[in-house]
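K.L.:
A single structure is presented below for examination.
Since every read-out is calculated from the coordinates, none of them should be taken as a lab result. As the structure is a prediction and not an experimental result, all values here were calculated from the model. Positions of Cβ are generated from backbone atoms using ideal geometry, with glycine treated the same way; all protein chains shown enter the neighbour counts.
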Amino acid sequence: MNESFNFATVTKADLPLIQQMYQSTFKPIYLKYQDDQTDPLFESLVSLEEKWSRPNNHFYFFNHRNVRVGMLRIIVSQNRQTARLSPLLILPQFQGRGYAQQMLHSE
């Protein structure tokens, strides 16, 4: 991975910041689709804490030149054979710069 990019593990103390990141990133999507049932905009701190505490869930900040530009959550299957990302987000002020692609191509 390019030296100017890195990942940092999210701690339990970081979860309020994760909630703020969800709100700023997913608000435009909510305003467009009005999905009151599943939009991450409404993710509660209790729900984030529950997901964070699961042993197969891993939350990471994505940084560029020591600036936090996004985050992702990796969910690993029980047999550890597959994983999925949900969500992967880039903060609005950093969107359109190729950071999500860089995140996906990082080791």
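K.L.:
So for the pair residue 30, residue 66, with labels modelled 7 Å out along Cα→Cβ, what separation do we get in nm?
P.N.:
3.4 nm
K.L.:
Moving to a separate point now. Please list the radius of gyration and Dmax for segment 1-59, considering alpha-carbon atoms only, with Å as the unit.
P.N.:
My reading of the Cα-based Rg and Dmax gives 13.5, 40 Å.
K.L.:
Which lysines have a Cα lying under 18 Å from the Cα of residue 12, excluding residues fewer than 8 positions away in the same chain?
P.N.:
51
K.L.:
How much length would be gained if the chain were fully extended between residue 57 and residue 23, taking 0.36 nm per residue of separation minus their Cα-Cα distance, in nm to one decimal?
P.N.:
10.2 nm is the gain from fully extending residue 57 to residue 23.
K.L.:
Evaluate the distance, in nm, between pseudo-label points positioned 7 Å from the Cα of residue 6 and of residue 81 along their respective Cα→Cβ axes.
P.N.:
Using points 7 Å along Cα→Cβ, the separation is 3.6 nm.
K.L.:
A further question on this structure: Add -39500 (n - 2.57) for each DSSP H run of 4 or more in the chain, then divide by its residues: what number comes out at 222 nm, to the nearest 500 deg cm²/dmol?
P.N.:
Result for the chain, helices only: -9500 deg cm²/dmol.
K.L.:
Then there's this: Looking at the chain as a GNM with Cα springs under 10 Å, which of 23, 95, 78 has the largest mean-square fluctuation?
P.N.:
78
K.L.:
Using alpha-carbon pairs under 8 Å, 6+ residues apart, how would you state the relative contact order of the chain in percent?
P.N.:
Relative CO of the chain lands at 27 percent.
K.L.:
Can you pull the Rg over Rh of segment 20-107, Cα-only, Kirkwood?
P.N.:
0.97
K.L.:
How long is the gain from residue 101 to residue 49 if the chain were fully straight, where each residue apart is worth 0.36 nm and the alpha carbon distance is subtracted?
P.N.:
My answer for the length gained is 16.0 nm.
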